[in-house]
Amino acid sequence: MARIIDGKAISQKIKDELKEEVARKKSEGKNACLAVIQVGNDPASTVYVGNKKKACAYIGIDSKSYELPEETTQDELLNLIDKLNDDPKITGILVQLPVPEHIDEDTIIRRISPLKDVDGFHPMSVGALCIGEKGFVSCTPAGIIKLLKYSDIDIEGKECVVIGRSNIVGKPMSLLLLRENGTVTICHSRTRNLKDVCKRADILVVAIGKPGMINDEYIKEGAVVIDVGIHRKADGKLCGDVDFESVEPKCSAITPVPGGVGPMTIAMLMYNVVSAM
C-alpha cells in the first residue's frame with residue numbers, strides 16, 4: 001500500500017515555520033503586505049482569495065483586498081497595479097486568475113513588478129528560474145518540491161516525468177526537478193507512447209487537466225505519483241487527473257485529491273511573500 005503524502009499537514013508545518021520567521025522579522029522592523037486583486041465575482045476565485053487572506057492573517061502578514069467589478073477595464077486594472085508597484089508598503093501583488101475575457105491576462109502579469117511578483121508568473125521570474133538565478137517561483141511547482149523534500153523522497157538521479165507543459169505548472173516543474181538533479185522528461189498531448197514514457201518514471205507529476213486519465217497502466221511499480229489536477233465530479237466529489245483507486249496499490253507514495261498538492265500552493269505563496277520582506 002502506498003504512503004499517502006499529506007499536503008495539509010506539510011503545508012501547516014510550513015505556515016507555522018513562516019509564522020515564526022515573520023515574528024522575528026517584525027522584531028527587526030520589517031513588514032510584509034500582500035495586495036490581492038479580484039476582478040468579477042467568480043465563486044471559485046472568491047474562495048481562493050478568502051483562503052489566501054486567512055493564510056496571511058495566520059502567519060502575521062498584512063493583506064489588502066481589491067474586489068473590482070466585472071466591467072473594470074484593462075486600463076483601470078493596470079493603473080491599480082502601477083499604484084501598488086509604487087507603494088513601498090506593498091511587498092507582494094497577486095491578481096487572481098482567471099480575469100474577465102476583455103482583459104488580457106499576459107499584459108496584466110507583465111505589468112506586476114518582478115520584485116512583487118509573488119505568483120512567480122512574470123517572464124523575468126520564469127527567466128531567473130531557467131538560468132538558476134534568485135527569483136520568485138510559481139507556487140504549485142515549488143510546493144511539489146517541498147512535498148517531496150518534507151516526505152524524504154530523494155529527487156537526485158531519479159527518472160522524473162512531467163505530464164503537462166503549461167507555463168504555470170508543467171514548464172517550471174520540469175526546471176525545478178532539473179535543479180534538484182532529476183533526469184526530466186516532459187510529456188504533452190502530442191507525446192507518442194505516453195504509457196511507455198510514464199512507466200519509466202520514478203517520480204511522475206501529472207498536470208494534464210483530464211479527470212482520472214492516468215491509471216495503473218501508466219505507473220511503474222514503486223513510483224512516486226504527484227497529482228496536480230482537481231475536478232468536481234457529477235456527484236459533487238473532487239478528483240484529480242490520476243485514477244487514485246487503481247494507481248495507489250502500485251506506487252510507493254501518492255498525493256490525494258483533495259489534500260495533496262492544493263494546500264501547498266497557498267503555503268508557497270506565503271513563502272514568497274515572506275521572502276520579499
Worksheet, complete the sentence: Computed about the Cα centre, the charge dipole of the chain from +1 Lys/Arg and -1 Asp/Glu charges at the Cβ has a magnitude in debye, to the nearest 20, of 560
Worksheet item: Percent relative contact order of segment 81-143, based on C-alpha pairs within less than 8 angstrom and at least six residues apart?
Response: 27
Worksheet item: Relative to a virtual label point 7 Å from the Cα of M277 in the Cα→beta-carbon direction, which members of segment 1-36 show backbone nitrogen distances below 16 Å?
Response: 14-35
Worksheet, complete the sentence: Place a point 7 Å from the Cα of Q74 in the direction of its beta carbon; the residues of segment 36-68 whose amide N falls under 11 Å from it are none
Worksheet item: Karplus couplings for segment 93-105 from phi (6.51 cos²θ - 1.76 cosθ + 1.60, θ = phi - 60°), rounded to Hz, Gly and Pro as x?
Response: 10, 9, 9, 5, 9, x, 9, x, 4, 7, 10, 7, 4
Practice prompt. Return the aspartates and glutamates within reach of K52: Cα separation strictly under 13 angstrom, same-chain partners fewer than 8 residues apart disregarded; answer none if there are no such residues.
Written response: D62, D119
Response to the item:
Under the helix-only model (-39500 (n - 2.57) for each DSSP H run of 4 or more, divided by the residues of the chain), the mean residue ellipticity at 222 nm, to 500 deg cm²/dmol, is -12500 deg cm²/dmol
Response to the item:
If the chain between I230 and D216 were fully extended at 0.36 nm per residue, the gain over the current Cα-Cα distance would be 3.2 nm
Discussion item. Assuming a strict under-22 Å limit between Cα atoms, what lysine pair count do you get for segment 139-262 once near-sequence pairs (fewer than 8 apart, same chain) are dropped?
Written reply: 25
Fill in: Euclidean distance of C-alpha centroids, segment 17-54 and segment 210-230, integer Å
32
Fill in: Cα gyration tensor category, rounded, prolate or oblate, for segment 1-116 with a/c compared to 1.5
oblate
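Just so you know, all these numbers are worked out from the coordinates, no wet-lab data involved. Owing to the predicted nature of the structure, the values given are computational and were not obtained by experimental measurement. Backbone-built Cβ (ideal geometry, glycine too); neighbour counts: all protein chains shown.
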